[in-house]
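One structure below.
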Amino acid sequence: MNQRFTDLIVAAIKQRLSDLHITGGFPLIFRKDGALHFDKNIKWSHTEIDEIVRSMLSDRQLQTLRKRWSVDFSLSFNNVRARVNTFHTTRGLSMAIRLLPETIPDLASLNLHPSLSQIAHLQSGFVLVCGSTGSGKSTTIAAIIEEINRTRAAHVITIEDPIEYRFKPKKSFIEQREVGIHVPSFDQGLLDVLRESPDVIFVGELREPETIRLTLNAAESGHLVFATLHASDAEDAAYRINNCVTGENQDVIRYQFASTISWLIVQQLHFVKNIEFRVPVLSILKATPSVQSTIRDNKLTQLENIMVTSKNEGMFTMKQYEKEFIGTHSSFVPPYKSFGMGAQSSKEKDHISALIDPNAIQDVIYMSSIEDASSKDSSVRRFPDDEEQRYLILEDHDNMDLKDLLAKYEEAEEEKANKNKKK
């Protein structure tokens with residue numbers, strides 16, 4: 001790997017930076033305590049960016065970049081992991097780099113409310129952590145999973161894009177899968193995981209309706225499920241879940257969500273002047289009968305009022321949290337202390353089985369009906385009629401368009417109907 005690039009990452013770690021933005025012919029951009037800064041003394045040429053990216057990517061990742069014009073991946077530098085998104089812009093390739101501590105911080109060192117430690121004792125349910133990009137959602141969940149790891153025997157499986165924190169199994173047995181490397185999609189991973197005897201499941205991000213449906217199915221089947229979602233408040237989060245599908249399926253999703261939700265946390269990072277760094281500010285919604293009824297009845301505008309009046313249940317609006325928790329604290333742990341390089345770091349190296357083609361690209365789209373498909377395909381494979389799911393395996397993206405695929409599917413369905421009539 002390019003030595004100048006590696007030296008930059010190490011220097012950024014020492015200076016307690018959270019993000020780096022690198023693009024050809026433009027000064028380095030970095031983020032510290034949430035604020036963007038320019039360093040005009042550091043520039044990279046377009047050719048240098050191309051060379052750095054090429055040196056970091058596997059053949060499969062390079063193929064993804066060429067076809068999709070962007071790719072996510074993660075790397076480790078001196079016991080600190082970096083999450084990298086490389087994407088195509090008017091300046092050619094750009095890199096957005098998020099620096100992550102190799103040692104997973106605990107809840108106290110993240111300045112989070114101590115009540116969050118209760119989540120680690122849950123045996124089942126759905127824990128949803130929301131917020132904008134860079135608000136610390138994944139870090140909060142990692143801290144809770146690490147608490148589980150330290151305190152009880154559980155089988156934990158994560159499905160991430162990409163893997164951010166590497167866990168070192170302690171009392172728990174933890175297996176991590178990265179979308180595009182160990183599993184082709186979140187949906188495939190969620191269907192796999194129910195056959196892998198998990199106790200705890202972490203879904204890196206809820207983006208698509210089918211991923212949300214499968215995540216709720218996993219929680220409904222008795223597992224403890226963690227997930228993240230981009231949402232600004234509890235009402236927004238519940239609305240996104242309840243309305244991820246249309247028609248009659250909407251009632252099913254709403255009832256599943258109401259019956260499985262345990263905690264709904266929305267997180268922001270606020271800069272505190274007197275300590276000169278950012279701390280997380282949360283809203284916390286817990287699953288009481290009134291909360292479940294409100295979600296089930298789709299009266300989501302009432303959620304804020306429930307939080308205001310349910311302080312005794314351990315709920316907070318962000319205003320309450322900032323006043324009653326942040327405002328009453330006299331000391332906070334500086335963020336840079338989370339970047340410790342202690343013995344807790346996982347040193348386990350990745351291994352690729354000889355039975356796996358690491359450069360294979362296989363997209364899988366699961367659907368409950370053909371109308372949910374929106375991609376190209378070369379073959380349709382069906383399960384027997386008693387199976388709930390039908391799915392498309394997308395192997396050749398160039399040979400058949402969706403119109404041909406739908407025609408092929410309808411032809412097969414018509415043939416099947418004719419056979420049934422003859423019987």
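The values are calculated or read from the model by the stated rules, or taken from the named source; none is laboratory data. No experiment lies behind these values; they were computed from the predicted model shown. Counting neighbours? That spans all protein chains shown, and the Cβs are built from the backbone with ideal geometry, glycine included.
Selection of the range 29-50 for residues being exposed (fewer than 13 other Cβ atoms within 10 Å of the Cβ) and of a type in the set (D, E, K, R) yields ASP39, LYS40. Among the strands (runs of 3 or more DSSP E) confined to the range 8-65, the ones with at least 2 residues that are of a type in the set (A, V, I, L, M, F, W, C) and in contact with a Pro (Cβ under 8 Å, 6 or more places away or on another chain) are located at 35-43. Picking from residues in the range 78-130 that are within 20 Å of the chain's Cα centre (by Cα) and of a type in the set (S, T, N, Q), the one that is modelled with the lowest pLDDT is THR103. As a summary of the residue check, HIS21 satisfies the conditions (1) surrounded by fewer than 20 Cβ atoms within 10 Å (Cβ to Cβ); (2) farther than 25 Å from GLN268 by Cα; (3) at pLDDT 95 or above except for the one numbered (2).
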